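Trainee: Below is the structure I would like to discuss, written out as structure tokens.
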Amino acid sequence: MHRAPNCRTSVPRFQEGRPACKKIDFCGSLPSRKRKNGKRWFIKLEKGKNQKIFESLPFRERNIVLALIIILLLTLLLGFMTYKEVQRERYYLWELARSEGLNIAFSIQALGPKFILNENILKEILLLLKKEEVSYIDICNDKGLILISTEEERGERTIQIFNPGKINFVNTQDKKGNRVLQVIKPFNLDINRPLDIWKILPIQNSYLVVGINLEGSYLLLSQTRRRIILNYGIIMALVLLGIYVIFKLQETYIVKKTLNEMKVYTSKLLETMGNAVISVDNKGIIKTFNRKSEEIFGKRREEALNKDCQEVLNLNIEGECIFKKCLLERENINQEIILEEKGLNKKIMEVNTSFLTGEWGEITGVVAEIRDVTEIKNLNEEIARNKRLTALGKLSAGIAHEIRNPLSSIRGLAQFVYNSFSKTDERKEDLNTIIQEVDRLNKLVVQVLDYAKVKELELTYFSINNLVNKIVELFKQEIKNKQIRFYLELCPDISQIQADEDQIRQILMNIIINAIQAISEKGEIKIKTEKCLIKGGSGLKLIIEDNGVGISEKDLNQIFDPFFSTKEQGSGLGLSIVYKLVEGHQGEIKVESKEGEGTKFIIYLPQKGGSNFAEDISGR
């Protein structure tokens, strides 16, 4: 069957009473209209305000809202397209049924009066033209009374003609309840002369009625509707799946991006921390080792990561690594630990540990924050030493003044008695011993008074390298009986410094004397000068190192105290005076020593003396 060409008749709906489709208008600003009690009311959406509300939602909620909007619009669009497709198919089937009925009607009319005016022939023709989808073919008069029909039971029945003289299309049902489209067409015959047959077959002003069975069309329409709905359902499912996949990929991307940003942020945070941060898993394998850890332990990150903590780190308590101790005892450690690494200075570490836990609270490792408090401890000791030295200086000065006058009287009287005896008198030897001891005591009193006295610096420009050379040449003459060699590494870039030359000479001589006395018979003394950076300007670094007997750990913190000495004949003021003179130049002195290996003195001085520099020696 084909569509009837140039058909412009209006098409009624298959099902009566079906509500008409409402027209939906979408506006750019989405003003929503609704009916309430027969009146229209409006919901006005303010763009700026709602946009702010939308933007204030969390990212995930915004995605859900956006997805719901897309799904709603997609559902409406696919629903509308499904409806239009079903309507188009309905209209197409309607057109086929109508065209079929009209084709049969025009075919009957085209037979001419010779066949139509014979009732028997007409009935046979009607039966021949009746197809499977045609329920009946009738001829009725202008009153609707059926005159001839292919179905005997329809004889003498009356049908309703809504538009007389025109083609009518009427939806009805046959006796079996099947839906039928009645095509009612006026029966126009071109007869020029009157015939007596009109008395036998009164068909003038009659109508040809063709009943097209619509059940097959409705079945086809139902199948088409299901197919269209299924197709659009599959499209909808695929689109929803695509939206879901897109949002999941976007969410995965956002999660990965956020995790990467957090990882980078955490990494930067760890790298910029002033304390060492080290973490291990529950097997003691190092997983985190930040930049400060590299500085403290003198190891590169690659040397520590994924290695056993006990093999890499020398952080032990009672011979056991603190990390493994925490994991075994299930207790945190918060205490100070002395770190002694080969090739590194002894350091005092403040260690605080915490447990790393998993999702269910199980322990998965240990993280330790390690703070190098060596400088703080040294500073506290230096402050305490300064207070102690000041108090001792004042006390010593007071005692020295009180002792000096009686010593002068004792020496004068002893000298008088000594001169009054004859040369052969044996008592002169005893008096001479008294005079020598008094002189020794007086010398000590002078040293004490000299230590307690605040001396003003007499600043001059001189070459520190030349001064070192002169002092070394002087000592070489005095140590001929010992096999001691001097090794000098003098930086040629150091031209001159501004300082009190006599005091710098005294500093060098006192330390070198101690180094010579620390070497029993054979050894070496290294003297090195180099540049260093001090806050506020350039500085000088003096290193004097010997391989003598060294200083025990218990004595190391007392060597700058007045009257402390490990020598039998020592006064205990030599290094105290050195410390005070260095301090007077706004400098700093450090000592490193191991018993039986030797001692190293490190002196930092500003290149321009007398300035109040806050010392910040780089590389210490």
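The values are calculated or read from the model by the stated rules, or taken from the named source; none is laboratory data. Fair warning: this is a prediction, and the values are worked out from it, not measured in the lab. Backbone-built Cβ (ideal geometry, glycine too); neighbour counts: all protein chains shown. Just the protein is used for accessible areas: all its heavy atoms, side chains included, with ligands, DNA and RNA removed. Shrake-Rupley method; radii C 1.70, N 1.55, O 1.52, S 1.80 Å.
Trainee: Out of all the residues in region 268-276, is one or more open to solvent by less than 70 Å² (accessible area, probe 1.4 Å), part of a helix (DSSP H, G or I) and modelled with pLDDT under 85? Break it down into steps so the answer makes sense when it comes.
Mentor: Of all residues in region 268-276, those open to solvent by less than 70 Å² (accessible area, probe 1.4 Å) come to 270-271, 273-276.
Subsequent filtering for residues that are part of a helix (DSSP H, G or I) retains 270-271.
Filter once more, so that each one left must be modelled with pLDDT under 85: 270-271.
Yes, there is a match, as at least one residue in region 268-276 is open to solvent by less than 70 Å² (accessible area, probe 1.4 Å), part of a helix (DSSP H, G or I) and modelled with pLDDT under 85.
Trainee: While we're here: Which ones in region 590-620 are open to solvent by 20 Å² or more (accessible area, probe 1.4 Å) and either modelled with pLDDT of 85 or more or under 21 Å from I519 (Cβ atoms) (or both)? Walk me through how you get there before you give the answer.
Mentor: Of the residues in region 590-620, the ones open to solvent by 20 Å² or more (accessible area, probe 1.4 Å) are 590-597, 600, 607-608, 610-616, 618-620.
Of everything in region 590-620, those that are open to solvent by 20 Å² or more (accessible area, probe 1.4 Å) and either modelled with pLDDT of 85 or more or under 21 Å from I519 (Cβ atoms) (or both) turn out to be K590, V591, E592, S593, K594, E595, G596, E597, K600.
Trainee: Which of (1) under 17 Å from L102 (Cα atoms); (2) at pLDDT 85 or above is the odd one out, the single condition S206 does not satisfy?
Mentor: (2)
Trainee: Sticking with this one: Right, Q250: touching a helix residue (DSSP H, G or I) at 6+ places or on another chain (Cβ under 9 Å) and assigned by the TED database to the domain that holds L96 or not? Spell out the reasoning first.
Mentor: Details: touching a helix residue (DSSP H, G or I) at 6+ places or on another chain (Cβ under 9 Å): yes; assigned by the TED database to the domain that holds L96: yes.
Yes, satisfied.
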